[in-house]
Amino acid sequence: MTGQTNAPRRTMLLTGASRGIGHATVKRFSSAGWRVITCSRQPFPEECPWMAGPEDHLQIDLADPADTARAIAEVRERLENGRLDALVNNAGVSPKGPGGARLGTIETELADWLKVFHVNFFSTVMLARGLLAELETARGSVVNVTSIAGSRVHPFAGAAYATSKAALAALTREMAADFGPRGVRVNAISPGEIDTAILSPGTDKIVAQIPMRRLGTPEEVAKAIYFLCTDQSSYVHGAELHINGGQHV
């Protein structure tokens, strides 16, 4: 985005920033001159690749509504001129059974259902509502990270994770209807099999069925998120962008 030297520096709030897609997203936005405020369950990692340092990182437990509300208030205090240009809801948890086994509807305990939905779904509602005024001031964008697991039974992703991502896709549509009249765009990206440190054994069998015959990279996902947060997508609203090499076809 060139030719905007007189414009205020844009700011993004990113949840789930500690690895994989989150790391790549921070680097993509930082390289374009954005200020990135990050949130994760972990403290600021020393090996972090962005320059802002710990002062723009919040340690937050999105499974805890009270802690999420605390973080919203702290984000407001950190924002310059009361504006937030982008909110990217990337945080997600997917509990596993012994040996990394998939947990279906029968095996998943209620406590795990509640934790997954608080992190993957309810925190998104809380953050977007809590920061709506700041998003509205900036005429900003919200990007929710769903998953291909939200549209089919996945061999590795558990039932709680999959249903929370399906709910997040529906929430994206609802938010688009509600936030659009306020000048805030809301979209989702739906990644497929992305080459991160959390891939499950047996992923190679899935890759053989993907039309592009390869895994995606975190950088490819980050570029799509960046597209949805800039003027290049100024009339894209209420969409769910598939980033899966054709896996969904």
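Quick look at the values:
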quantity: Per DSSP, loop chymotrypsin sites (Phe, Trp or Tyr not before Pro) in region 140-249 with at most 13 further Cβ within 10 Å; calculated: Tyr235
quantity: Nearby aspartates and glutamates by direct alpha-carbon distance to Lys115 (threshold 18 angstrom, same-chain neighbours under 8 apart not counted); calculated: Asp61, Asp64, Asp67, Glu107
quantity: Helix-only mean residue ellipticity at 222 nm for the chain, each DSSP H run of n ≥ 4 adding -39500 (n - 2.57), per residue, nearest 500; calculated: -10500 deg cm²/dmol
quantity: 12 Å beta-carbon shell around Ala167, net charge (K/R +1, D/E -1); calculated: +1
quantity: Relative contact order (percent, whole number), region 11-243, Cα cutoff 8 Å, 6+ residue spacing; calculated: 21
quantity: Around Thr68: net Lys/Arg minus Asp/Glu count, Cβ-Cβ under 14 Å; calculated: +1
quantity: Longest site-free stretch - the chain; sites: GluC sites (Glu not before Pro), DSSP loop, at most 12 other Cβ within 10 Å; calculated: 110-249
quantity: Set of aspartates and glutamates with alpha-carbon distance to Lys205 below 12 Å, sequence-local pairs under 8 removed; calculated: Glu193
quantity: Computed Kirkwood radius, in angstrom, where 1/r is averaged over Cα pairs of the chain; calculated: 18.3
quantity: Packing-based order for 31-42, 118-129, 203-214, using average beta carbon neighbours within 10 Å, highest first; calculated: 118-129, 31-42, 203-214
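Laboratory data are not the source of any read-out in this text; all were calculated from the coordinates shown. On a predicted model such as this, the values are computed, not experimentally measured, just so you know. So basically every Cβ, Gly included, is an ideal-geometry build from the backbone, and we count neighbours across all protein chains shown.
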